Amino acid sequence: MAERSSKMVPSAPEPSKNVRPVELDATDRRLLTALHRDARMSNTALADLVGIAPSTCHGRVRRLQEIGVIRGFHADIDPGSIGLPLQAMVSVSLQANARGKIGAFIQNIRTRPQVMDVYFLAGADDFLLHVAARDTDDLRSFVVENLNSDADVAGTQTSLIFEHLRGASPL
């Protein structure tokens, strides 16, 4: 058995390859809806809202995490408040001969501080990047230096985001 280095960074959990949806009862759905609205809600408040005991609530939330329904709890940081008021979606198409380098592209692009989210797509484009920048010059520099200068990138298309509105819970 190989020894693990203490310097290893924990990786994100692997997404489930199971295409069968998880069976959720009404209580699970109420928990998920409440957490989608306010993930910082205390366990006691969540239990009261859903109408179950705090110990039951804790167990159910932990189970939903373990089976991959709840992928995490994240701070939703406003990019504008930290000096990155310009947001854009950048579509990226890779060269046909670069398909074997998709993993390397993902690993590289995720390290860029401007990249908020990476979507791997089916269709005309291979990726959609949600990026934040200080201004149009910063956005242009990101696209030119990180994408257009990459020989494996066939093309990009940038669309500015005027407003980002959070969608409803998928429940």
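Laboratory data are not the source of any read-out in this text; all were calculated from the coordinates shown. Since we're looking at a predicted model, the values are computed, not measured. Because the Cβ atoms are built from the backbone with ideal geometry, glycine has one as well, and the counts that use them run over all protein chains shown.
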Got the relative contact order for the stretch 41-160 handy, in percent, Cα pairs under 8 Å and 6 or more residues apart?
29
Counting Lys and Arg as +1 and Asp and Glu as -1, each charge on the Cβ, what is the dipole of the chain about the Cα centre in debye, to the nearest 20?
600
A correct fewest-to-most ranking of T27, T111 by other Cβ atoms within 10 Å would be T111, T27
Selection from A124, F162, L139, by position along the positive dipole direction of the stretch 42-168 (Cβ)
A124
Once both labels are modelled 7 Å past Cα along the beta-carbon direction, what's the D117-A151 spacing in nm?
3.4
Distance from a point 7 Å along Cα→Cβ of I106 to each backbone N in the stretch 125-166: keep the residues under 16 Å and list them by number.
126-130
